[in-house]
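These notes concern the structure reproduced below.
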Amino acid sequence: MMQKHVAVLMGGFSSERPVSLSSGSACADALEQQGYKVSRVDVGRDIGQVLTELRPDVAFNALHGPYGEDGRIQGILEYLEIPYTHSGVLSSALSMDKALAKTIVAGVGVPVAQSLIMNRFDIVGEHPMEPPYVVKPVNEGSSFGVVIVREDQSHPPQVLQSDDWKYGDRVMVEKYVPGREFTCAVMGDRSLGVCEIIPVGHAFYDYDSKYAPGGSKHECPAKLSLNIYQKIEQLAVEAHLALGCRGVSRSDFRFDDRLPDDQGLIWLEVNTQPGMTPTSLVPDIAAAAGISFGELLRWMVEDASCSR
């Protein structure tokens, strides 16, 4: 059998470039161990020309953030007719836009938090909703730009008016959901399992919690009652399918266990390009399900296609 040539796309131009380089490097190493011919591609503006010259059999998309997971690189790969991993053009664009994604998943019955979409410059003087609430960019990942406004805060976050803000003017103001944080990986159309994220020394699962060694503890599988565990799995699969995700995705949840049954369970967002760094969640969830990192990546490469 001919050795399949995989181009691992990493880097790019988003705020998540360092994470993507780490993900891409880990994936490239593991794919070589799986027997694939691997080309490591640090994505620049000439990516179309680079891929035309490389002519890989598959593009493994290890990009994160804008350009990498919002449908743009997927459109280039469709145009070049190169099979690729993860979600397609439309699904990637919809999932990256937190407002659109919430509307779509709420439409199939997935519970979401109350929220408003606003221009950041309009959030001055008065709180846009009763605190506590969260302000987050509509089109960013890795918790970039996320601001938590506590109950005792007298005014909206001043950083939103700052010239240093680099996450776009359109933001989501979302009711803060207290409680525990969970995430569920979906592979194809089935759940791989649920993991609890316990930040270590951080108020919430921020950038450092996600990527710094020891920044968070992953409890895989999560210690939950069977009905809540299965409900999270069900909702993650429903969100994955409603948004048309392909390959592997990861849905994040908050759970306020002070409320009865599953009333405190809220879906936050889906990640169509989950991190694949040494501290990432999906590899941990897969390992708990008996799937090695190499086996997970092999499945993703063999699942690759165009017209996703």
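The values are calculated or read from the model by the stated rules, or taken from the named source; none is laboratory data. For clarity, every value in this text was computed on a predicted model and none was experimentally measured. Reconstructed Cβ throughout: ideal geometry from the backbone, glycine too, with neighbour counts over all protein chains shown. Note: areas computed on protein heavy atoms with side chains; ligands, DNA, RNA excluded. Shrake-Rupley method; radii C 1.70, N 1.55, O 1.52, S 1.80 Å.
Here are the numbers:
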item: Gyration tensor verdict on the stretch 268-307 (Cα atoms; rounded if a/c is under 1.5, prolate if a/b is larger than b/c, oblate otherwise); result: oblate
item: Lone cysteines, the chain (no partner Cβ under 4.7 Å); result: Cys27, Cys184, Cys245, Cys306
item: Largest-first ellipsoid semi-axes for the chain, taking √(5λ) over the Cα gyration tensor eigenvalues, angstrom; result: 32, 23, 17
item: Three semi-axes of the equivalent ellipsoid, the stretch 1-82, Cα gyration tensor, whole Å, largest first; result: 20, 16, 9
item: Theoretical gain in end-to-end length, Ala289 to Arg150 [0.36 nm per residue, Cα-Cα removed]; result: 46.3 nm
item: For the stretch 218-283, projected area of the alpha-carbon convex hull averaged over all directions, nm²; result: 4.8
item: Value of [θ]222 nm, deg cm²/dmol, for the chain, DSSP H segments ≥ 4, -39500 (n - 2.57) each, nearest 500; result: -9000 deg cm²/dmol
item: Accessible area in square angstrom per residue, the stretch 229-278, 1.4 angstrom probe; result: 36
item: Centre separation in Å (Cα based) which lies between the stretch 52-84 and the stretch 243-308; result: 20
item: Whether the stretch 38-97 is rounded, prolate or oblate, judged on the alpha carbon gyration tensor where a/c under 1.5 counts as rounded; result: prolate
item: Distance between modelled label sites at Ser225 and Asp257, nm, 7 Å Cα→Cβ extension; result: 1.0
item: Probe 1.4 Å, accessible area per residue of the stretch 55-189, Å²; result: 43
item: Solvent-accessible area, 1.4 Å probe, carbon plus sulfur percent, for the chain; result: 51
item: Listed residues Val200, Val149, Val110, most fluctuating in the chain (Gaussian network, C-alpha, under 10 Å); result: Val200
item: Calculated Rg and Dmax of the stretch 36-144 using C-alpha coordinates, Å; result: 18.1, 57
item: Set of lysines with alpha-carbon distance to Lys231 below 24 Å, sequence-local pairs under 8 removed; result: Lys98, Lys102, Lys175, Lys217, Lys223
item: The stretch 86-166 - Kirkwood radius from inverse mean 1/r over Cα pairs (Å); result: 14.3
